[in-house]
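The values are calculated or read from the model by the stated rules, or taken from the named source; none is laboratory data. Keep in mind that what you see is a predicted model, and the values were worked out from it rather than measured. Cβ sites come from the backbone with ideal geometry, for glycine too, and all protein chains shown count toward neighbours.
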């Protein structure tokens, strides 16, 4: 499979698969979610179960044109809607869970329920995003901008595994993963940089398979070869990073919002760890961002569907 280098290619690839993933959306009560739903239907790769207040849903008459691919379950209370959406996934009635206008905390409460939730015991819940930046020649993945405040060594290892699997779904057979820091120096003042040394050693020993991992590196030397050359940095990443692993949620989230605001980057993202892909956009995300996230989830979803 040829690597997918932008979101347009992602849509084109999904259209060639000739099947629709089953998506359950909790509280799809906003125009940006409506845009994502309608476009995914028109592009031919998804069908939907909408769980929420049908009175709100009826405000979007454009949805009425797609009744063949949309089913609505009326549940007014958002928490009850979240619980029902999780049940639908557990009963294999849908492949993907998507957040609409519901608080992230409320939805996560249902997802993380130890008896009826979607996160298997021992799995790490984390967030993986991907962006299309006008000044970069390919898609750039990064983690974690939304869930884990300060990852432990084991959590970083799981984040890397998730990123590797997702990159392979995007046709990137040998992903280049950069471990991000504000400098290329390892220091006990920054414990995560010591974790990076352990991770690089694991990678060199073949723990992650056919993958390139290096760090600490800063964002610029990770994504621009000339910067590394000027600083005399020799790294197998060579300014061609596919994935950035950030030291903490503050740095990753700041990167996420800065690049989307000032560089007009297109974004997508989803939760990793649950039994199915979970599209968890911000309630204020654009329709395009929600659509891209949905497309990302449909690509990575391996469940059998129509």
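Right, residue 74: touching a helix residue (DSSP H, G or I) at 6+ places or on another chain (Cβ under 6 Å) and either in the same structural domain as residue 23 (by TED's automatic domain parsing) or in contact (Cβ under 8 Å) with a residue 12 or more places away in the chain (or both) or not? Spell out how you get there, then give the answer.
Working: touching a helix residue (DSSP H, G or I) at 6+ places or on another chain (Cβ under 6 Å): yes; either in the same structural domain as residue 23 (by TED's automatic domain parsing) or in contact (Cβ under 8 Å) with a residue 12 or more places away in the chain (or both): yes.
For residue 74, the condition - touching a helix residue (DSSP H, G or I) at 6+ places or on another chain (Cβ under 6 Å) and either in the same structural domain as residue 23 (by TED's automatic domain parsing) or in contact (Cβ under 8 Å) with a residue 12 or more places away in the chain (or both) - is met.
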- Out of the residues in segment 252-287 that are under 29 Å from residue 113 (Cα atoms) and out of contact with any helix residue (DSSP H, G or I) (no Cβ under 9 Å at 6 or more places or on another chain), state the one that is surrounded by the most Cβ atoms within 10 Å (Cβ to Cβ). 252
- Yes or no: residue 153 free of Cβ contacts under 8 Å to residues at least 24 places away in the same chain and under 22 Å from the mean Cα position of the chain (by Cα)? no
- Task: Would you confirm whether any residue within segment 76-99 is within 30 Å of residue 192 (Cα to Cα) and out of contact with any strand residue (DSSP E or B) (no Cβ under 6 Å at 6 or more places or on another chain)?
- Result: no
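Report, by residue number, each residue of segment 273-286 that is at pLDDT below 95 and over 16 Å from residue 105 (Cα atoms). Explain how you work it out, then say what you get.
Start the filter on segment 273-286 by keeping residues that are at pLDDT below 95, which leaves 280-286.
The answer is 285, 286.
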- Query: List, please: which pairs have Cβ atoms under 7 Å, are six or more places apart or on different chains, and start with a residue in segment 273-284 that is farther than 19 Å from residue 48 by Cβ and end with one that is part of a strand (DSSP E or B)?
  - Reply: 273/126
- Note on the structure: Reported set for segment 145-178 where residues are in contact with a helix residue (DSSP H, G or I) (Cβ under 6 Å, 6 or more places away or on another chain), buried (at least 22 other Cβ atoms within 10 Å of the Cβ) and in a loop (DSSP other than H, G, I, E, B) is 145, 175
- Task: Scan segment 118-129 for residues that are surrounded by 15 or more Cβ atoms within 10 Å (Cβ to Cβ) and over 25 Å from residue 295 (Cβ atoms) and report the count.
- Result: 0
- Message: Residue under question is residue 132, and the condition is that it be closer than 19 Å to residue 285 by Cα, in the same structural domain as residue 247 (by TED's automatic domain parsing) and either free of Cβ contacts under 8 Å to residues at least 12 places away in the same chain or surrounded by fewer than 22 Cβ atoms within 10 Å (Cβ to Cβ) (or both); does it hold?
- Response: yes
- Has segment 21-32 got at least one residue that is in the same structural domain as residue 78 (by TED's automatic domain parsing), over 21 Å from residue 282 (Cα atoms) and modelled with pLDDT of 95 or more? yes
- Query: Looking at segment 23-40, is at least one residue without any contact (Cβ under 8 Å) to a residue 12 or more places away in the chain and surrounded by fewer than 23 Cβ atoms within 10 Å (Cβ to Cβ)?
  - Reply: no
- Matching residues in segment 57-83 - criterion: being more than 17 Å from residue 36 (Cα to Cα), within 25 Å of the chain's Cα centre (by Cα) and surrounded by 18 or more Cβ atoms within 10 Å (Cβ to Cβ): 78, 81, 82, 83
